[in-house]
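Engineer: Can you read through this structure? Questions will come right after.
What follows is calculated from the coordinates using simple rules that are stated; it is not laboratory data. Remember, predicted model here, so these are calculated numbers, not experimental data. Using ideal geometry, Cβ is built from the backbone for each residue, glycine included, and neighbour counts are taken over all protein chains shown.
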Amino acid sequence: MLREVVRENVDLLSTRAPRKVLSRSSSSRRWVRRSALVLVPTLLFVSINAISVGRASKPDLVVFSPGQEIPLLPLDPNAPRLVLAKPRRVDPSLFRLGVTTVVIDPGHGGADPGALTAFGLTEKEITLDVSRRLRDLLVQARFKVEMTRDQDTTVSLKDRAQFANGHSADLFVSVHVNSVPQADRRLVETYYLGPSDDPRVDALVGEENRGSGYTMTSFKKLLDGIYADVRQSESKTFALAVQKELFASLRKGNPALQDHGVKSAPFVVLIATEMPGILAEVSCISNEAEARNLSHPAYRQSIAQALYDGLHAYAEERSPVPSKGS
Amino acid sequence: MVAKKDVLHVGIDLGTSRSSITASNGATHVVDSYVGWPIDMVARKVVKKSVLFGKEALDNRPMLDLHRPLERGLIKEGSPKDEAAVRELLGHLISLAGAKEPQKVHAVVGVPAEALRVSRQHLRAAVKGVADALLIVSEPFAVAYGMDALLHAMIIDIGAGTTDFCVMNGRYPTDEDQRTLTHAGDSVDELLVTLIRTRYPEAKFSVHMVREWKERSSFVGEPRGSVMVTVPVNGKPTALDITAEMKRACESLVGPIVETMLDLISRVEPEYQEKVRHNIILAGGGSQVPGLSAALEKALIEVGNGRVRAVENPVFAGSNGGLAIALDAPDGDWEQLPG
């Protein structure tokens, strides 16, 4: 058991993604699968060599990584060489992808009140109210909108993400209210999925492709990695658009407001959702003045309007969308 | 290879609220998980230190850039100050343990399970350089290891930022064996603040005072007496009865914990479920809430009874477990783990 702990830490030091500990049954299934992956190409390779040179020697198994030269079989030093290009990030703006369905996720709810104001107002009430206002604005602008909760109910993070995935949302917006120990801070900030620069793709290729060159399975995972990367960059662009509007709009009536910008963070709802998504901390409930503002419907409406403006700006940039009321 | 006597082995529980250390030389220390840097030259002149820890930091908070680095059980990404705070806190704990030159320090650091799950790289960066060799484990695993509860057991570690669940099946726990809730000590404090303010709007008090009241008088079920506190109301010290508020705030933990506990038990292989039900261990500060074990045992009746017990020493259960891991880890393993 300790060996497993140490191995996980060593993996982390060598910047490999930690290996998942598998149950005995899944380990054996994986072993059989891996064996097949290695044995089939190995036997094929051995057969080819046996036929071509008349002896069945065991070849060295080589792991290739992107950008590395892959010799064509047979291993002839004079044979032409194929270089697998390193994958390049796809620019999603090339596809002019439109935004039609938006899933709004009012943070917390039910048994989970979230942060609390000094006057008894809960984060779950604020997020639900702001989300309903945002929904109304988006519906007016002809977006299709779904909400992970429309009442004061408990919804797990997994269910929220599955809801967004199940509704094939184009964008995911999780609405939250910040609470920080420093009561004088009045900040707004927006998060997107991150980090993206871990060597997950390299690790996958290295592990899945061991000894048999690239397989279709590993190539698919490689592509998955690239698309995850695209999703992250889209989420960042989306977050920047929303944060810009949030801060610019709320700062007008609230000069003390601090712009904490956009940040990447591994929130579960952002990891498990399959579309560009953000988690917006739209206000700071731990600040007394800000908490009082939040008790006013007009302030909540201005937050919803700012979220709408940011979302609309992002969607407009990706593909023109109908303007509000048109 | 370094001889055992030339090494100080330490187990550290890096908690949201408190952090503790247990060392192989017998030293044990605990500090509140606050780290503060003087905000300017004046503050530095007043506090006479470049960095303050624990209660001292909390008491001087107006003059400090104060950080509680594992707020909500996670290091916030993109927060270098929080990373620095983790590093300072670990360095401070290790210095308290009293390693003697040229003794090397081999440390096992237990962190909230959620932090380990989602911020591994960040944690590693944050703790880099604080010891000669360092191993990071999840807190419930450290507790289980220290109590030798590695087979057919469930650890429920109720901390300040998170409540971590871990089912031990005789192997290193997978993600499927673990859960994390944000219903924990801090959420009880926040609810208690709201409830008291609602009932006594004129009363003046801070969340730190409420935390002290909770640590003194928390309970689930029937109260053993009235919970009375004294606070200024319109400038006059006034005694307030907060028994009902305390009960409601503390019992807000029960529902989510029961739900998660029963769900995890239902996922254990059927022939072992009864063994796990009878080997549930509460750890962390929340484990000491009177009546909580009984409430959880009551909930287990509907699935065939069970036994819930609390660790005897919640402050050091994690760090003691960390020390046990540190002493058991072979020297060859430590050589692979630079600090």
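Engineer: Quantify how strongly other chains surround peptide B:188-198 by giving the mean number of their Cβ atoms within 10 Å of each of its Cβ atoms. Can you show the working numbers first?
Structural biologist: Working: counts 0, 1, 10, 3, 1, 4, 8, 2, 0, 5, 2.
The mean count of partner-chain Cβ atoms within 10 Å per residue comes to 3.
Engineer: Please list B:39-51, A:156-168, B:320-332 highest first by mean number of surrounding beta-carbon atoms within 10 Å per residue. Display every interim value, and only then the final one.
Structural biologist: Working: B:39-51: 12.4, A:156-168: 16.5, B:320-332: 19.6.
Peptide ranking by packing, descending: B:320-332, A:156-168, B:39-51.
Engineer: D for chain B, whole µm²/s, Stokes-Einstein with Kirkwood Rh over alpha-carbon pairs at 37 °C and 0.692 mPa s: what number? Provide the component values of the computation, followed by the final result.
Structural biologist: On the way: Rh = 21.0 Å.
This corresponds to a translational diffusion coefficient of 156 µm²/s.
Engineer: Counting every Cα pair in the range B:184-307, what percent are over 23 Å apart?
Structural biologist: Working: 3010 of 7626 pairs.
Tail of P(r) above 23 Å: 39 percent of Cα pairs.
Engineer: Here is a further query. As an exercise, find the ratio Rg/Rh for the range B:257-297 from alpha-carbon atoms, using the Kirkwood inverse-distance average for Rh.
Structural biologist: Working: Rg = 11.1 Å, Rh = 11.1 Å.
Reported Rg/Rh (Cα atoms, Kirkwood Rh): 1.00.
Engineer: Further, regarding this structure: To the nearest 0.05, how large is the calculated FRET efficiency for B:E101 and B:M228 if R₀ is 41 Å and r is the Cβ-Cβ distance?
Structural biologist: Taking R0 as 41 Å, the efficiency between B:E101 and B:M228 is 0.20.
Engineer: So, one more: Per the Kirkwood formula on distinct C-alpha pairs, the Rh of the range B:136-204 is how many angstrom? Mind showing how you got there, number by number?
Structural biologist: On the way: mean 1/r = 0.0730 Å⁻¹.
Evaluated on the range B:136-204, it is 13.7 Å.
Engineer: Further question on the same structure: Label-point separation (nm) for A:D259 and B:T198, each offset 7 Å from Cα along Cα-to-Cβ?
Structural biologist: Rounded to a tenth, the inter-label distance reads 3.8 nm.
Engineer: Would you order B:Y172, B:Y145, B:Y200 from fewest to most other beta-carbon atoms within 10 Å of each residue's own beta-carbon?
Structural biologist: Values: B:Y172 20, B:Y145 27, B:Y200 17.
With the fewest neighbours first, B:Y172, B:Y145, B:Y200 line up as B:Y200, B:Y172, B:Y145.
Engineer: Continuing with the same structure: Hey, with R₀ at 41 Å, roughly what FRET efficiency would B:R124 and B:A294 work out to, going by the Cβ-Cβ distance, to 0.05?
Structural biologist: On the way: r = 40 Å, r/R0 = 0.98.
According to the calculation, E is roughly 0.55.
Engineer: Provide a whole-number value for the mean count of partner chain Cβ atoms within 10 Å of the Cβ atoms in peptide B:201-210. Mind dumping the intermediate values first?
Structural biologist: Numbers: counts 3, 0, 0, 0, 0, 1, 4, 0, 0, 0.
Rounded to a whole number, the mean comes out at 1.
Engineer: Rg(Cα) of the range A:256-300 divided by 2.2 N^0.38 Å?
Structural biologist: Numbers: Rg = 13.7 Å, N = 45, 2.2 N^0.38 = 9.3 Å.
Output field value: 1.47.
Engineer: If R₀ is 30 angstrom, what is the calculated FRET efficiency for the pair B:L327 and B:E56, using the beta carbon separation as r and rounding to 0.05? It would help to have the intermediate numbers written out before the result.
Structural biologist: On the way: r = 31 Å, r/R0 = 1.04.
It comes out at approximately 0.45.
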